[in-house]
Amino acid sequence: MLRVELRKRRGSFTIEAAFEAPLPAVVALFGPSGCGKTTLVEILAGLLAPDAGRIELDGEVLCDTARGISVPAESRRVGYVFQDARLFPHLDVRDNLTFGLKRHRHVPVRIPFDEVVDLLGLEALLTRRPGTLSGGERQRVALGRALLSQPRLLLLDEPLASLDAARREEILPYLERLRDRWQVPMVHVSHQFEEVLRLATHVVALDAGRVLTSGPLVRAALDPALGRLVGAAAVGAVLETTVAGIDATTGLCRLPLGDNELRLLANGLAPGTRVRLQMLARDVIVATRPPEGLSVRNVLRGHIAAISAESADSDLVSIDIGGALILARITRAATQALALAAGQPVWALVKAVSLRGRAC
Amino acid sequence: MEWQALTLSLAVATRSVLFSLPLAVAVAWLLTRGRFAGRALLDAFVHLPLVLPPVAVGYLLLVLFGSRGLVGGWLDEQFGLRLVFTRSGAALATAVMSFPLMVRAIRVSLEHVDAGLEAAARTLGAGPLDAFLSVTLPLLLPGVLAGLVTAFAASLGEFGAVITFVSNIPGETRTLPLALYTALQTPGGDAVAARLAALSFALGFTGLLAAELLARRFRARLGR
């Protein structure tokens, strides 16, 4: 378990954050620039002291101002990948990588050198100096260096922020791979919701130093507070399910969802693969009768769990599909015309092509 | 006479810089990274020898380190160490005079070393001293060497503070500039004076050149 509860004054605003997540989780600290994310991870790393607070990792207290406990940064075994990599310019890549490893001789090596070099594709870079590396290469080395210090928690402070879209796409799979390979608990700072969807199991949404919502991604995605942060276009349920099979005739893959089944383009997904997908609220149509003669491939039967006003003229309808919740954005006019109300049975319509599943 | 003055100067300057180096690194670090009240005061104090007349510095040293001085008396009593009229005293006087130059050079380098690197080292398991020694110091090394060379060259040439504090004793405190001054005061000493002046020039020039080359290497090392 990672438990955090702290307060820190920074100039004109105060960061006041409390959240917890079971381990090994990938916790996304998500929020706009300047909301206090970096300050928060610096406190987790022990580089900055909170004014008041308590941090507990895996049962060990790293910091407790009330009891005067503060484990120094070098003894926390909390790895940190900085936004600007911070490789040591006087050491080559190999010596950078082993810097932390050498200082943790007393702990069992769970993450071995050769595997890190292999997984991050660093073999060809080992004798190079940081000054000669590209931005993406630098972040990969920084990632490897932090991993090799055998951390119990890995802090990623927007490691992709300084990279362009193509480079970001190049690094993201590495992050996914190391998450799956060693199950290192991570706290990933990001202001890109796309990255959160790819990596996180838990979300802590921050704005102006406050936690707006926190919890498992699937649940937090339904929270209107997160919706305001990501913007209307990105609001939607996050669903996690397993591929049941591929339809031989249509080529669509079938995913159980509650007591219904979802169909979407297979895109290389094989039966048995665990899949995460986002169903955007704007892509979901609500019908009060089972529709006929439509091209839409997904007609999900359920009932309205709740209706909440999203803006002056639109509502978010959350629909319970046999236990799984999805969101639909409809106009207030539609809500009124169809006389929608909580508890009412409805059919949710989603085009197969507007869904994209990703193995997780 | 030239040979004696030269070796004595080199010995005094060597002792002077070796003595002041650790202190200069510490002071440079305090002035760059330290956050404490009185930093401006320390800064001014360290740079004082640059603006004071060297004779005044020599006089202050006499007051403090003379055999009846505040510190000098104690040193004599405890360790039998006499500074007045001795080679060690000459080294102390040149150390005080060249100290600001050394601090300056190290400080300029330190300002170019990203403090975030030490933070990175800490998260990787290095304690504060380890982080300084394994990250900051290697990056600082060319700057330290440049400071060392500049201070060494300046030490060779220190006149006022030396002659005031430890006088002008052949073989003990008569360094190059003092020997040069003495030669000029001696009838028929022109040729000796010229040779000594040429020697001083060559030493100083070599020192500054070396410092510049080291500074260049430093910049190349950081890839800038």
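A few comments on the model shown:
- Cα-only Debye scattering, the stretch A:1-119: base-10 log of I(q)/I(0) at q = 0.13, 0.14, 0.22 Å⁻¹: -0.63, -0.73, -1.37
- Spacing of the modelled spin labels on B:Leu137 and A:Phe113, each 7 Å from Cα toward Cβ, amounts to 2.3 nm.
- Put B:Leu184, A:Leu156, B:Leu145 in order of accessible area, highest first, and with a 1.4 Å probe you get B:Leu184, B:Leu145, A:Leu156.
- Surface composition of chain B: carbon plus sulfur atoms hold 69% of the accessible area, using a 1.4 angstrom probe and ignoring ligands, DNA and RNA.
- With DNA, RNA and ligands ignored, accessible area of A:Asp58 (1.4 Å probe; Å², nearest 10): 110 Å²
- For chain B, the spread of Cα coordinates along the three principal axes comes to 67, 41, 28 Å, biggest extent given first.
- Cβ neighbours within 10 Å from other chains - mean over B:175-183: 0
- Accessible heavy-atom area order of B:Phe79, A:Phe19, B:Phe85, highest first, probe of 1.4 Å: B:Phe79, B:Phe85, A:Phe19
- Only helical runs count toward this figure. For chain B, summing -39,500 (n - 2.57) over DSSP H runs of n ≥ 4 and dividing by all residues gives -26000 deg cm²/dmol at 222 nm.
- Using 0.36 nm per residue and subtracting the Cα-Cα separation, the extra length available between B:Leu209 and B:Val108 on full extension is 34.6 nm.
- By the compact-protein rule of thumb, 2.2 N^0.38 Å, the alpha-carbon radius of gyration of the stretch B:106-212 corresponds to a ratio of 1.60.
- Look at the stretch B:133-143: the mean tally of other chain Cβ atoms within 10 Å of its residues' Cβ atoms is 2.
- Taking a straight Cα-Cα cut-off under 16 Å and skipping sequence neighbours fewer than 8 places away in the same chain, the aspartates and glutamates within cross-link reach of A:Lys351 are A:Glu261, A:Asp283, A:Glu292.
- Ranking B:Tyr59, A:Tyr174 from most to least accessible surface, computed with a 1.4 Å probe over the protein chains only, gives B:Tyr59, A:Tyr174.
- The stretch A:132-193-the stretch B:138-214 distance, computed between alpha-carbon centres (Å): 55 Å
- Calculated diffusion of chain A, Stokes-Einstein form, Kirkwood radius summed over Cα pairs, 10 °C and 1.306 mPa s, µm²/s: 72 µm²/s
- Separation of the B:Trp74 and A:Asp180 label points, Cα + 7 Å toward Cβ, nm: 6.9 nm
- Solvent-accessible surface (1.4 angstrom probe) belonging to B:Leu180, in square angstrom, nearest 10: 40 Å²
- In summary, the lysines within cross-link reach of A:Lys37, defined as a Cα separation below 27 angstrom excluding same-chain residues under 8 places away, comprise A:Lys8.
- Residue mean of other protein chain beta carbons inside 10 Å, A:85-92: 6
- A convex hull fitted around the alpha carbon atoms of the stretch A:236-359 yields 96 Å³ per residue.
- Listed peptides A:69-81, A:133-145 by packing density, highest first (mean Cβ within 10 Å): A:133-145, A:69-81
- Normalised per residue, the accessible area of the stretch A:207-302 is 48 Å², obtained with a 1.4 Å probe and no contribution from ligands, DNA or RNA.
The values are calculated or read from the model by the stated rules, or taken from the named source; none is laboratory data. Everything quoted here is computed from the prediction, not taken from an experiment. Counting neighbours? That spans all protein chains shown, and the Cβs are built from the backbone with ideal geometry, glycine included. Side chains are part of the model used for accessible areas, which takes the heavy atoms of the whole protein and leaves out ligands, DNA and RNA. Shrake-Rupley method; radii C 1.70, N 1.55, O 1.52, S 1.80 Å.
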